[in-house]
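Asks: Take this structure first; my questions come after.
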Amino acid sequence: MIRKNIRIGDILVEKGFITHEQLMLTLKEQKDDNFSKKLGQYFLDDGYLSERSFAEILAEQLDLEFIDLYGVEVDFNLMIRYPINLLKSSQAVPFKEDDESIYVAVVDPLDYESIELLERSIATKPIKLYISLKNDVAHIFERFEIISTTKLIVDNIKREIATNTYKADSEQSSVMQLIEQIIKSAVRNNASDIHIEPSAFNVSVRSRIDGILRENFVFDVDIYNALSSRIKILGNLDISEKRKSQDGRFSMAIENSVYDFRLSTAPTMFGESIVMRILDQQKILLKLRDLGMEEGSIKTFEEILKSPFGIIFVTGPTGSGKTTTLYAALNEIKSIENKMITVEDPIEYQLPLAQQIQINDKINYGFAEALRSILRQDPDIIMVGEVRDGETLNIAVQASLTGHLVFTTLHTNDAPSAITRMIQMDLEPYLISDSLVGVMAQRLVRRICPHCKKEHKPPKNMVEKVEKYLPKEYKFYMGDGCIRCGFSGYKGRIMISEILKISETISHLISINMNKYEIARKAEEIDGFEPMIVDGVKKALGGITSLEEVLRVAK
């Protein structure tokens, strides 16, 4: 291989990523560290440029191409032909072969010794090098190992299909063994959802762990029909209907615990996308103080919960923990002296001292219909799983104005936006002003793994976004990745939130149809309202989460 002398520091200065003074200081730091890491790594660690920008600069200087490994079909059969330990140590992925060359993606094209060793082991044809990202290459190796470990079961499924011994409804079939393995893997990793997604090349199975999707299995596309049909049978869905979405539910015992699975299918270009939401009926109900709320926020929320009547909203996108917060709030105020009724879709946890109603759209028993009937049940406290339309909202508000305390959820980005959303759903401002007692908006951020936490310098453009919330001296942290967190750097999740308490001043602003920005400004000025980003920055400074995580979910 032809070696090129690349002065990466000068190139970064020339392209404006760093100044000459910063280069000199970093060169001195590298010398003081006895050249323990490459110069470019210092600039990556200090946030002067992204890994992708750095890779693209290297590619340009070395006359190579940058490749996105997510956008190409990787030939895993090609990888089998070479020592996997050599490929891992070289951080190299041979992803394609033709009559003339073997195409290899590498992380570090300046690691000439590893590349020359690779060339000697692939002596049959010349290598054509590409540059890729470290995480992308690591992901390909993960996929390779996943494919290898599930190969036996997949081969059995193919054999059953080929010999016509496969039975879709058999509990002992290889495809049922595969489904059980997929579900067990997700449950052991505390996943909240399982996604089965067909593509032109294969079938990917991913689990949502701590709010982030991770790939667990990759199968050949020719077993997809058997897999999807068996899952649909479990959920009592129509296996012949592939043109429209379907919803179902099933239960399964996993390691001595019973789990419910909410099933959803949707037609896509390459087949049906299947999502299974995991519901643990034995899950212990959390208390408000276990959710991760700041002490001031807990006191404000507890004050709101003491309201004798009115409506309380918990807002946020799907998967932000709204239902968990509602259950924690109801658990806090439940009493033998109060009648509590919930209307849910689905009933996720069993709540003591509550009458829980499951809606059923198939018989036109939705949230609005259920709400009308339960008002005749003489409740004191009502929980509505979600306000989906103006009719449900209007009935809930009327209930709150007639002496009931109503809890419900709404999909908005922040707390003040809930007021705007209610007006968009044709509710008069004076009704909102009279009924609303508080809005809590929330997101879930991943906790830094305590076993591999280290001090970290986020990119400067990130720090600039939150500069006004930072003290003069500050530190941020990040997980380095270890076996206990699956090398993600994170383990578990915690809430960040904002709480808008409806004081007399805010109530007046709502009644005169003031916009959400003016309401937020006045709430900050008079009532000490703090936007969600403030809570997130506090948790990042405290080493609970990272700044990157906070900015991923809040602005």
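Asks: What pairs come up if the first residue lies in the stretch 324-345 and is in contact (Cβ under 8 Å) with a residue 12 or more places away in the chain, the second is of a type in the set (D, E), and their beta carbons are under 6 Å apart, counting only those six or more places apart or on different chains?
Replies: N338/D380; K339/D380
Asks: Quick check on this structure: which one of E473, E464, E504, E428 is at pLDDT below 90, open to solvent by 50 Å² or more (accessible area, probe 1.4 Å) and more than 20 Å from the chain's Cα centre (by Cα)?
Replies: Testing whether each residue is at pLDDT below 90, open to solvent by 50 Å² or more (accessible area, probe 1.4 Å) and more than 20 Å from the chain's Cα centre (by Cα) leaves just E464.
Asks: What about E116, is it acidic (D, E), over 36 Å from the mean Cα position of the chain (by Cα), farther than 23 Å from E145 by Cα and open to solvent by less than 50 Å² (accessible area, probe 1.4 Å)?
Replies: yes
Asks: Checking the conditions here, which among I194, I212, I183 is crowded, with 22+ Cβ neighbours inside 10 Å and in contact (Cβ under 8 Å) with a residue 40 or more places away in the chain?
Replies: I194
Asks: Right, something else. Filter the stretch 439-451 for residues that are within 21 Å of the chain's Cα centre (by Cα) and either crowded, with 16+ Cβ neighbours inside 10 Å or on the phi > 0 side of the Ramachandran plot (or both) and give the result.
Replies: Once the filter is applied, which keeps residues that are within 21 Å of the chain's Cα centre (by Cα) and either crowded, with 16+ Cβ neighbours inside 10 Å or on the phi > 0 side of the Ramachandran plot (or both), the stretch 439-451 yields M440, A441, Q442, R443, L444, V445, R446, R447, I448, C449.
Asks: Also, I was wondering about something else. Does S148 qualify as being more than 25 Å from the chain's Cα centre (by Cα) and surrounded by fewer than 16 Cβ atoms within 10 Å (Cβ to Cβ)?
Replies: yes
Asks: Please find, within the stretch 227-246, the residue that is surrounded by the most Cβ atoms within 10 Å (Cβ to Cβ) out of those that are among the small types (G, A, S) and under 28 Å from the mean Cα position of the chain (by Cα).
Replies: S228
Asks: Among the residues of the stretch 135-145, is any basic (K, R), open to solvent by 50 Å² or more (accessible area, probe 1.4 Å) and either at pLDDT below 85 or under 19 Å from V74 (Cβ atoms) (or both)?
Replies: No, that holds for no residue.
Asks: Taking I494 as the residue in question, decide whether it is assigned to a strand (DSSP E or B) and touching a helix residue (DSSP H, G or I) at 6+ places or on another chain (Cβ under 9 Å).
Replies: For I494, the condition - assigned to a strand (DSSP E or B) and touching a helix residue (DSSP H, G or I) at 6+ places or on another chain (Cβ under 9 Å) - is met.
Asks: Going through the stretch 5-26 one residue at a time, which ones are open to solvent by less than 60 Å² (accessible area, probe 1.4 Å) and part of a helix (DSSP H, G or I)?
Replies: I8, G9, I11, L12, V13, Q22, L23, T26
Asks: Just one of (1) under 25 Å from G319 (Cα atoms); (2) out of contact with any Asp or Glu (no Cβ under 7 Å at 6 or more places or on another chain) trips up M514, so point out which.
Replies: With (1) under 25 Å from G319 (Cα atoms); (2) out of contact with any Asp or Glu (no Cβ under 7 Å at 6 or more places or on another chain) applied to M514, the lone miss is (1).
Asks: If you check K38 against the conditions, is it surrounded by fewer than 19 Cβ atoms within 10 Å (Cβ to Cβ) and at pLDDT below 80?
Replies: Spelling it out, K38 is indeed surrounded by fewer than 19 Cβ atoms within 10 Å (Cβ to Cβ) and at pLDDT below 80.
Asks: Another question, if that's okay. Only one of (1) over 22 Å from V439 (Cβ atoms); (2) crowded, with 20+ Cβ neighbours inside 10 Å; (3) not charged (D, E, K, R) is not met by G385, so which one is it?
Replies: The single condition G385 does not satisfy is (1).
Asks: Would the stretch 405-413 turn up any residue that is more than 26 Å from A554 (Cβ to Cβ) and either outside any loop (DSSP other than H, G, I, E, B) or open to solvent by 10 Å² or more (accessible area, probe 1.4 Å) (or both)?
Replies: Scanning the stretch 405-413 turns up at least one residue that is more than 26 Å from A554 (Cβ to Cβ) and either outside any loop (DSSP other than H, G, I, E, B) or open to solvent by 10 Å² or more (accessible area, probe 1.4 Å) (or both).
Asks: Quick check on D222: is it without any contact (Cβ under 8 Å) to a residue 40 or more places away in the chain and open to solvent by 30 Å² or more (accessible area, probe 1.4 Å)?
Replies: Answer is no for this residue.
Asks: Within the stretch 539-555, can you find the residues that are within 15 Å of Q442 (Cα to Cα) and open to solvent by 10 Å² or more (accessible area, probe 1.4 Å)?
Replies: L551, R552, V553, A554, K555
Asks: Follow-up. Going through E332, E337, E302, E386 one at a time, which residue ends up being of a type in the set (D, E, K, R) and touching a strand residue (DSSP E or B) at 6+ places or on another chain (Cβ under 7 Å)?
Replies: E386
Asks: Pairs, please: C-beta under 6 Å, at least 6 apart or cross-chain, first residue within 24 Å of L405 (Cβ to Cβ) and in the stretch 357-376, second charged (D, E, K, R)?
Replies: Between residues of the stretch 357-376 that are within 24 Å of L405 (Cβ to Cβ) and residues that are charged (D, E, K, R), the close pairs are I359/D345; A368/E391.
Asks: Here's a follow-up. So which residues in the stretch 511-526 are touching a Pro at 6+ places or on another chain (Cβ under 8 Å) and surrounded by 17 or more Cβ atoms within 10 Å (Cβ to Cβ), if there are any at all?
Replies: K516, I519, A520, A523
The values are calculated or read from the model by the stated rules, or taken from the named source; none is laboratory data. These numbers come from a predicted model, not from an experiment. Please note: Cβ atoms are built from the backbone with ideal geometry, for glycine as well, and neighbour counts cover all protein chains shown. Just so you know, the surface numbers come from the protein's heavy atoms only, side chains and all, with ligands and any DNA or RNA stripped out. Shrake-Rupley method; radii C 1.70, N 1.55, O 1.52, S 1.80 Å.
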